[in-house]
1. Pairs, please: C-beta under 6 Å, at least 6 apart or cross-chain, first residue over 14 Å from TYR146 (Cα atoms) and in the stretch 160-178, second open to solvent by 60 Å² or more (accessible area, probe 1.4 Å) and not β-branched (Val, Ile, Thr)?
2. Quick one: how many residues across the stretch 279-301 are free of Cβ contacts under 8 Å to residues at least 12 places away in the same chain and in a helix (DSSP H, G or I)?
3. Regarding LYS215, is this residue of a type in the set (D, E, K, R), modelled with pLDDT under 80 and away from the ligand (no atom under 16 Å from the Cβ)?
4. In the stretch 141-172, which residues are within 12 Å of the ligand (Cβ to nearest atom), open to solvent by 60 Å² or more (accessible area, probe 1.4 Å) and under 22 Å from ASN303 (Cα atoms)?
5. Please go through the stretch 274-305 and give me each residue that is under 25 Å from ALA178 (Cβ atoms), surrounded by 14 or more Cβ atoms within 10 Å (Cβ to Cβ) and out of contact with any helix residue (DSSP H, G or I) (no Cβ under 7 Å at 6 or more places or on another chain), ordered by number.
6. Pick from ILE60, ILE10, ILE109: which is modelled with pLDDT of 95 or more, within 16 Å of the ligand (Cβ to nearest atom) and crowded, with 22+ Cβ neighbours inside 10 Å?
7. Looking at the stretch 90-104, can you tell me whether even one residue there is modelled with pLDDT of 95 or more, within 16 Å of the ligand (Cβ to nearest atom) and under 30 Å from ARG286 (Cα atoms)?
8. Considering every residue within the stretch 241-251, establish whether at least one is touching a residue at least 60 places away in the same chain (Cβ under 8 Å), part of a loop (DSSP other than H, G, I, E, B) and crowded, with 16+ Cβ neighbours inside 10 Å.
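The values are calculated or read from the model by the stated rules, or taken from the named source; none is laboratory data. The structure displayed is predicted, hence computed values, not measured ones. No Cβ is skipped: glycine too gets one built from the backbone with ideal geometry, and neighbour counts run over all protein chains shown. Keep in mind that these areas ignore ligands, DNA and RNA; they rest on the heavy atoms of the full protein, side chains included. Shrake-Rupley method; radii C 1.70, N 1.55, O 1.52, S 1.80 Å.
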Amino acid sequence: IKDMADDEAIQATNDDASECKRYAVQLGYWCDPFISLLVKQTARKQPEINRGYYARVKGIELFVDKFLKLSGGKGQIINLGAGFDTLYWRLREAGNSPANFMELDFPSITAKKCYHIKKHKQLIDMLNTEDGEIRFSTTDLHAANYHLVGTDLRHIAELNSKLAQAEVNFNLPTMFLAECVLVYVDASATSSLLKWLAGKFPNSLFVSYEQVNMKDKFGQVMLSNLRSRGCLLAGVEDCESLETQQRRFTINNWEGTSAWTMVDVYDSLPVMDRSRIEHIEMLDERELLTQLLQHYCIAVAWNGQTFKNLSIAQG
Ligand code: SAM
């Protein structure tokens with residue numbers, strides 16, 4: 001029963017993420033015409049939170065763009081714990097889709113997403129279908145190059161069969177996205193997952209966004225950081241430092257890895273873009289933003305030559 005309560009609390013973190021994204025989009029931080037179809041209007045968020053989400057979304061997009069360029073549109077993107085992410089539709093609108101796009105989350109979350117997609121013609125119409133056919137179940141949706149499937153990332157056999165239903169091709173260049181997800185998965189399940197993916201996808205890039213620098217000056221994991229929205233951050237030990245984030249990949253057979261705090265990611269974004277968003281809302285204490293950004297990071301890992309040594313440098 002405790003585990004079920006934790007799983008429900010974990011699923012609720014999707015509400016937080018998507019509400020914060022919707023709020024920042026509404027203020028004009030970045031453009032996403034689709035998020036408001038999935039999430040209702042929400043209460044005000046602090047300016048530093050909005051800027052933090054801006055850095056998160058732009059940081060991920062930076063690697064998505066690099067992946068799409070290097071794979072020449074012939075790759076596949078697998079979004080692990082995708083929640084209500086709108087990346088598929090944003091890429092379609094930009095005319096920049098990969099060959100296949102798969103989204104995985106708990107069935108309770110994918111069921112809600114299926115419901116919203118079905119409800120909005122704008123979302124349905126953008127699903128690429130060669131013969132006009134889209135297959136729905138309560139929790140899963142299959143179109144020609146978009147697949148939304150309900151599964152628990154801690155269960156590899158089920159994951160394997162869900163990926164097969166999503167027409168995965170293990171030999172294509174593949175990008176995995178895990179945006180604020182692995183921290184909710186316990187360390188041994190994350191290890192099994194990363195090892196399995198490393199063994200199955202020889203030409204791949206993993207991009208993970210999550211907490212980092214979670215210990216205080218005495219070397220203790222900050223207690224307030226152990227729970228978020230009432231659920232245990234089961235993977236928090238791997239969030240100790242950039243090194244532990246990277247080690248998690250290397251010990252699970254990924255060939256190479258790099259990691260940056262979000263302070264570095266934010267500073268690497270184009271000056272014009274930063275200057276624009278810094279004028280949206282006043283932020284009296286810039287230190288607040290720096291403190292927030294220091295506690296999040298992007299870690300990447302690769303297998304094969306195509307995505308070797310990718311960095312946050314623009315272009
Ligand atoms: N990636 C989305 C984003 O950044 O907008 C959602 C982030 S939300 C903080 C974390 C997501 O991971 C939730 O949707 C949750 O259901 C999903 N998740 C956590 N553990 C999972 C697991 N074991 N299996 C499937 N999904 C999981």
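1. PHE170/LYS200
2. So the count comes out to 3.
3. In short, yes.
4. ARG154
5. Of everything in the stretch 274-305, those that are under 25 Å from ALA178 (Cβ atoms), surrounded by 14 or more Cβ atoms within 10 Å (Cβ to Cβ) and out of contact with any helix residue (DSSP H, G or I) (no Cβ under 7 Å at 6 or more places or on another chain) turn out to be HIS295, TRP302, GLY304.
6. It is ILE109.
7. No, the conditions are met nowhere in the stretch 90-104.
8. no
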